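In what follows, a structure is listed as structure tokens, so that the remarks can point back to it.
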Amino acid sequence: MPRWLIRLNEHVPIRYGIWFFAWLGFVGCAGLALVSGGGGASIAAVLLGGLVLLGYSDMRQRSRSVLRNYPVIGHLRYLLEFIRPELRQYFIESDSEAAPFSRQQRSLVYQRAKGEPDKRPFGTHKDVSASGYEWISHSVAPTVLPSHDFRILIGGGGTSCAQPYDASLFNISAMSFGALSAHAVLALNGGARKGRFAHDTGEGSISRYHREPGGDLIWEIGSGYFGCRTAEGGFDPDCFAANARLPQVKMIELKLSQGAKPGHGGVLPGPKVTPEIAEARGVMVGQDCVSPATHSAFQTPLEMMAFIERLRALSGGKPVGFKFCVGHVWEWFAMAKAMRETGIWPDFIVVDGAEGGTGAAPVEFIDHVGAPLQEGLLLVHNTLVGLGERHRVKLGCAGKVVSAFDIARMMALGADWCNSARGFMFALGCIQAQSCHTGHCPTGVATQDPLRQRALVVPDKAERVYRFHQNTLHALKELVQAAGLTHPNQITGDHILRRVSDFEVRRLSNLLPYLQHGELLAAERGEVPWRQLGFEQYWMRARADSFALRD
């Protein structure tokens, strides 16, 4: 939808929208009647009646959120979508230039969510001769797989986890109720239940809208300990155990940082803390809801591992891990050394890329803080492989993953599964208006305004969430088959190729430093050269008892 239309309707209550536009139509029709004489009155009446009926129909239909919130005028968006290819081709931009997600990426999600054909004629739009172009190599002996329901068992890799989770390879990334509307949460969890995949709660904890559909949940615990906090804002073990032992909660994720604003923390202003949000987070209605930049339950890597083990015990043995966006390399190395020293290993680690993030953040944080997903994921994977302990910990990742090739590429970098936030927002009907933080979301996805939320019809959108998940995994199955493999976890850096110059193509395995089993320990002993991304000095100086470097 054009930005000027969105800004206009931000100042017009939606309940009066149809009458506002009918009035505009009446003025136009009256002008036509005056110009054309008596016969114009009949034309004016017909046009006015048509506008009213169209607006009423828009508000009653269930499939298009934009039209439910923007009756009559919302049709301009679809008119522009119809004529845009020609406008773009000759006057504006290509389908791949818009940011943060291109029209081509969004269209792919919309098509798969709606169950429409996602095939495209006339060849690729990408410049295959350009530096940076990537592709997956195929086999002359492709395989035939019986199902696209690829799964990974999380937990039980030598830890005290007693309730491993059989997870899908593609899940909903962390987005809190409060950032998302109640209707959006209901639709996401409803789709997750039907597709048997996981829905991460975000640090806003478990709301009634997460519980109602009954889909699998990954409960994210942030520095504010929402859903398991004392009155003073500390960690409450009894409250945690009560929620963590809910059958619907399958895994516990300790959030250290996120891609959108790592190391920043956040505040939900008191006026936005509604009774429903207060209920979910365990805070007071109308009071500022603070997420500190750091945790109070632990201060050192050793204490962090002890806290992870404590959460696992309190949850009844469910998989427990942590999520972070890689920052100081030595801090990650300190965590890895603490795992070795204590023998306490997380069941999983989710690496969030700096290019990710549904939440609003300062521009400097969005653009210049945190490691991109490729560098962060490969560092974590390499460290665990180099320690000879990769088998103990499953790796998830998040950061602009919306297509099957995105998933395949992350698997090649070391991921066991992928999460997506904005991809599933597009499946809900998000049009990338980028007004998430204003409360004026035009499709009812990221707002607490009940009038805007009603545009999002939960049963319809839950079905779209389900179809997006299914069709994306079906496309992944076709890629795996074409490569001659039997499971996505067989995809390695040897399967993905990248053009690095006009006359040079290299495999990721040759382009990026992949460590061998136990190589990091061997380098530490002086048996082989260091290849840990040039960070050997940080490994030697990292310490398990502190996030600071050893002098």
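At a glance:
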read-out: Residue within the range 498-521 that is part of a strand (DSSP E or B), among the β-branched types (Val, Ile, Thr), in contact (Cβ under 8 Å) with a residue 60 or more places away in the chain and surrounded by 18 or more Cβ atoms within 10 Å (Cβ to Cβ) present; value: no
read-out: Residues of the range 279-296 satisfying the condition of being over 11 Å from residue 223 (Cα atoms) and either buried (at least 16 other Cβ atoms within 10 Å of the Cβ) or of a type in the set (Asp, Glu) (or both); value: 279, 280, 281, 282, 283, 288, 289
read-out: Long-range neighbours under 6 Å by Cβ, at least six apart or interchain, first residue over 16 Å from residue 493 (Cβ atoms) within the range 375-398, second among the acidic types (Asp, Glu) and not in a helix (DSSP H, G or I); value: 394/416; 398/352
read-out: Boolean, residue 473 is part of a helix (DSSP H, G or I), over 22 Å from residue 401 (Cβ atoms) and touching a Phe, Trp or Tyr at 6+ places or on another chain (Cβ under 8 Å); value: no
read-out: Hits in the range 491-503 - residues which are at pLDDT below 95 and acidic (Asp, Glu); value: 502
read-out: Search result, residues across the range 294-313 that are under 13 Å from residue 236 (Cα atoms) and within 27 Å of the chain's Cα centre (by Cα); value: 296, 297, 307, 311
read-out: Filtered residue count, the range 371-414, keeping only those that are hydrophobic (A, V, I, L, M, F, W, C), in contact with a Lys or Arg (Cβ under 9 Å, 6 or more places away or on another chain) and under 24 Å from residue 518 (Cβ atoms); value: 2
read-out: One residue from 455, 462 being over 30 Å from residue 328 (Cα atoms), at pLDDT below 95, touching a helix residue (DSSP H, G or I) at 6+ places or on another chain (Cβ under 8 Å) and of a type outside the set (Val, Ile, Thr); value: 455
read-out: Residue count for the range 282-327, restricted to those that are under 21 Å from residue 380 (Cα atoms) and of a type in the set (A, V, I, L, M, F, W, C); value: 11
read-out: Some residue of the range 436-446 being over 30 Å from residue 300 (Cα atoms), modelled with pLDDT under 90, outside any loop (DSSP other than H, G, I, E, B) and in contact with a Pro (Cβ under 8 Å, 6 or more places away or on another chain); value: no
read-out: Subset of the range 258-281 [assigned to a loop (DSSP other than H, G, I, E, B) and within 24 Å of residue 349 (Cα to Cα)]; value: 258, 259, 260, 261, 262, 263, 264, 265
read-out: Qualifying residue in the range 474-490 (condition: in contact with a Gly (Cβ under 9 Å, 6 or more places away or on another chain), at pLDDT 95 or above, over 27 Å from residue 384 (Cα atoms) and not hydrophobic (A, V, I, L, M, F, W, C)); value: no
read-out: Criterion (among the hydrophobic types (A, V, I, L, M, F, W, C), touching a residue at least 12 places away in the same chain (Cβ under 8 Å), assigned by TED's automatic domain parsing to the domain that holds residue 205 and part of a strand (DSSP E or B)) met by exactly one of 167, 162, 184; value: 167
read-out: Sole exception among (1) surrounded by fewer than 23 Cβ atoms within 10 Å (Cβ to Cβ); (2) out of contact with any helix residue (DSSP H, G or I) (no Cβ under 6 Å at 6 or more places or on another chain); (3) not β-branched (Val, Ile, Thr) for residue 224, by number; value: (1)
read-out: Among residues of the range 436-448, those that are surrounded by fewer than 16 Cβ atoms within 10 Å (Cβ to Cβ) and touching a Gly at 6+ places or on another chain (Cβ under 9 Å), counted; value: 1
read-out: Subset tally (residues that are out of contact with any His (no Cβ under 7 Å at 6 or more places or on another chain) and over 14 Å from residue 136 (Cβ atoms)) for the range 463-505; value: 18
read-out: Single condition residue 196 does not satisfy, out of (1) of a type outside the set (S, T, N, Q); (2) on the phi > 0 side of the Ramachandran plot; (3) buried (at least 24 other Cβ atoms within 10 Å of the Cβ); (4) out of contact with any helix residue (DSSP H, G or I) (no Cβ under 7 Å at 6 or more places or on another chain); value: (3)
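The values are calculated or read from the model by the stated rules, or taken from the named source; none is laboratory data. Keep in mind it's a predicted model, so treat the numbers as computed, not measured. Here the Cβ is made from the backbone with ideal geometry for all residues, glycine too, and neighbour counts use every protein chain on show.
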